[in-house]
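Enquirer: Next up is a structure, given as structure tokens.
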Amino acid sequence: MSQHMQITVTIRPFYKKSFEKTYPRLARHLGYQDPDLVDGNPSLYELAKKIDMLLYQYDGTPLRQVLLDHKQQLIQTFHAIEEHIADRRLAEADKLLYTLEDIFDDMEYHLD
């Protein structure tokens, strides 16, 4: 690494409209207790990173069960993405972002 510079790879949200419009059920459930989280247009990667905090924060809600049902998939996919980024295998990381989207699509489907 350079003495005064560094290379960073970031994953940013990119919704055609917004997180709330893309995942309305999930946004509604998250917004009950944390409207700022939804207003911040979080990336799915960021939400996967916070899975344990979300499970704690939404204890006793229908959202918690959906999160719990998908926890292992989210954790495994998140860590695999991290590893690919660290190893500079960005194409593989990008493929896993699609997997992460599929997991969140399934979560959206299971929420009412």
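Any read-out appearing in this document is the output of simple, stated calculations on the displayed coordinates, not a laboratory observation. What you are looking at is a predicted structure, and each value in this text was computed from that prediction instead of being measured. For neighbour counting, all protein chains shown are included, and Cβ atoms are generated from backbone atoms with ideal geometry for every residue, glycine included.
Enquirer: Helix 90-110 against the longest principal axis of the chain: what's the angle in degrees, Cα atoms only, rounded to the nearest 10?
Expert: Rounded to the nearest ten degrees, it is 0.
Enquirer: Please compute the contact order of the chain in relative form: average sequence separation of alpha-carbon pairs under 8 Å and at least six residues apart, divided by the residue count, as a percent.
Expert: After rounding, I find 27 percent.
Enquirer: List, in order, the whole-Hz ³J(HN,Hα) value for each residue of the range 34-47 obtained from phi through the Karplus relation with A = 6.51, B = -1.76, C = 1.60 and θ = phi - 60°; use x for Gly and Pro.
Expert: 9, x, 5, 4, 5, 4, x, 6, x, 7, 5, 4, 5, 5
Enquirer: In what order do PHE104, PHE14 fall by count of nearby beta-carbon atoms within 10 Å, going from fewest to most?
Expert: With the sparsest Cβ surroundings first, the list reads PHE14, PHE104.
Enquirer: Let me ask something additional. Under 14 Å from the 7 Å Cα→Cβ point of THR8, by amide nitrogen: which residues of the range 73-112?
Expert: none
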